[in-house]
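Input: a single structure, listed below in structure tokens.
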Amino acid sequence: MPDPTAPYDVLITGGAVLDGTGSAPRRADVGVLDGRIVHVGALDPARTAVTVLDATGLIITPGFIDLHSHADFSVLAMPDAEACLRQGVTTVVTGNCGLSPFPTAAGEAADGSGPGTLAGAQWTDLDAFAAAVDAARPAVNVAPLVGHGALRTAVTGAARTPAGPAELDAMRALLARAADQGVFGLSTGLIYAPGSFATTDEIVALATEAAGRGLLYATHMRDEGDRLVEAVEEAVAVAEASGVRLQISHLKAMGPANHGKVVTALGLIDAAAARGLDVACDVYPYTASSTRLTSRLPDWAMDGGPSALVERLADPAARERILDDLRPAVGRTFLPEGVVLAMLGPGRYSDRIGASIADIARDEGTEPAAAVLDVLAAHQGEVMIVNHAMAEADVETVLRHPDAAVASDGWVLHAPGDGHPHPRNFGTFARVLGRYVRERETLGLADAVRKMTQLPASRLPLPDRGTLAPGRIADLVVLDPERVADTATFADPWQYATGVRDVLVRGEFVLRDGAATGARPGRTLRR
């Protein structure tokens, strides 16, 4: 028990507390000692503090928890994580979309599947990965999931092949090891190879293992366009068959023909919850996604991984077959004018970052589907895009749902840098508070904070984080609700958010008076 007479390490006075539960703000002082919150309420005039922070006119909240991040592929290179801190994010949940940097089979090379860095799995297990993260001393906490794509690659490689009983047993064993080492959940990326090669039965088998170990199951579903509803039905069926807790990642509808389908998707989530399933979703506040350009291709084209794709693209017959499968999506779920090159390595199109597939097709006098294949062939199949294909009304519909958490789906942790990344890396949480709370009144401030704190914490769960109360870890944010805003745009993404003044991680200032302190008290969290 903390000494009730000891000076606080930090005392935050004069602010209004939004505790993360959705309750209305209340005037309270917050005392921090030994990395934990020890006081919330009226100030004891006899209690002193080493550091007193005046928050008059500002809001004090729990640190924001980014439930869907890919920072595991960038945190070692950018441990300061300033893009997170300036949004108030103190914990990132990694290993999403079936992608995680572990496990790797002995002797297995990186598979080139990680977002942002274009680097794949590198560590044999969570223990090895966590040791690397903790040695880097990040400014934010990292809460890992393990990716089905990594499990599958470690067992079957990049081949488009069914997983038989022996392969399933091997994947279950790797998942069990990850659970024993403390991962919070299992993720799938069923739109990406090798996750797209898996049958529903394979996912049910792994989800059953996850359920037996108390893990969350987070899924980037098999389709977010024409077959969105069917994809939600599959996700719910997996949860129903396995008993796993289900998190549907970044719920959205891609392409004008599918706008509005999120209403049906949310209805399926509500119906599943009414039947007793534990199911929720998350959302980012933008009308564009960001992903690999190969996600537009038929999954058979990715059999064997990016190197095999490049060989197919060099074969006229295979290339024409890919074109035949890609062309029907053009103008429907694949909008050439909205697919913008965001990151790619050296090659013919390196100077076209920021250009759309429509731009490239016009400049080269070719059709958009062919332009996609030309870009992929020139860059070894490794191209990241920003994809404008969503509707603002859908974003707001999902944001309003009570069980929809706010999440970034980002991985860029510091500005400036190379490429043309999605502005969600720098602005997600500030954008919700500025655009969708203050300007559009889509959400109330207290509810928005709940969607960034208690709700994501409850999904993992993180019992010591997500609410502002005595005994909780002192991950705290002080922000100005009248000034908080995203400044990153699609045209100029390398801009930090504004309006978050102070951030503490485990009671230590990582952002103070709007400036990064250089402190890096974050660590790998384990279940």
Taking the full set of protein chains and a 1.4 angstrom probe, give the accessible area of SER307 in square angstrom, rounded to the nearest 10. 80
Could you derive backbone 3J(HN,Hα) for segment 203-219 from the dihedral phi with the Karplus parameters 6.51, -1.76 and 1.60 (θ = phi - 60°), listing whole Hz in sequence and x where the residue is Gly or Pro? 5, 4, 4, 6, 5, 5, 4, 4, 4, x, 10, x, 8, 7, 10, 10, 10
Give me the accessible area of ARG137, 1.4 Å probe, in Å² rounded to the nearest 10. 120
Tabulate in residue order the Karplus-calculated ³J(HN,Hα) for segment 94-99, using 6.51 cos²θ - 1.76 cosθ + 1.60 with θ = phi - 60°, rounded to whole Hz; enter x for Gly and Pro. 10, x, 7, 6, x, 9
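Let me spell out the model: positive unit charges on the Cβ of Lys and Arg, negative unit charges on the Cβ of Asp and Glu, origin at the Cα centre of the chain. What dipole size does that give, in debye rounded to 20?
About 840 debye.
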Whole-Å distance linking the alpha carbon centroid of segment 14-92 with that of segment 319-333 is 48
Largest to smallest principal axis extent of the C-alpha atoms in segment 415-527, angstrom: 43, 34, 27
Interchain or sequence-distant (5+) residues whose placed amide H lies within less than 5 Å of the amide H of ALA28 are GLY15, VAL17
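For a quick check of your reading of the filter: which trypsin sites (Lys or Arg not before Pro) in segment 227-328 sit in a DSSP loop and have no more than 14 other Cβ atoms within 10 Å?
Values: sites: ARG227, ARG245, LYS252, LYS261, ARG275, ARG292, ARG296, ARG312, ARG319, ARG321; in loops: ARG227, LYS252, ARG275.
Counting only loop positions with at most 14 other Cβ atoms within 10 Å, the trypsin sites (Lys or Arg not before Pro) in segment 227-328 are ARG275.
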Can you give me the long-range amide H partners of TYR8? Hydrogens built in the peptide plane at 1.01 Å from N, cutoff under 5 Å, separation of 5 or more residues or another chain. THR48, ALA49, VAL50
Would you kindly derive the ³J(HN,Hα) couplings of segment 415-422 from the backbone phi angles with the Karplus curve 6.51 cos²θ - 1.76 cosθ + 1.60 (θ = phi - 60°), listing them in order in whole Hz, with x for Gly and Pro? 10, x, x, 8, x, 9, x, 5
Accessible area per residue for the chain in Å², computed with a 1.4 Å probe and the full protein assembly in place, what is it? 34
Roughly how many nanometres apart are two label points built 7 Å out from the Cα toward the Cβ at ALA318 and ASP169? 3.4
Kirkwood Rh and Cα Rg combined as Rg/Rh, the chain: 0.97
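The values are calculated or read from the model by the stated rules, or taken from the named source; none is laboratory data. Since the model is a prediction, treat every value here as computed from it, not as a measurement. Cβ: placed from backbone, ideal geometry, glycine included. Neighbour counts: every protein chain shown. Please note that ligands, DNA and RNA were not included when accessible areas were found on the heavy atoms of the full protein model with its side chains. Shrake-Rupley method; radii C 1.70, N 1.55, O 1.52, S 1.80 Å.
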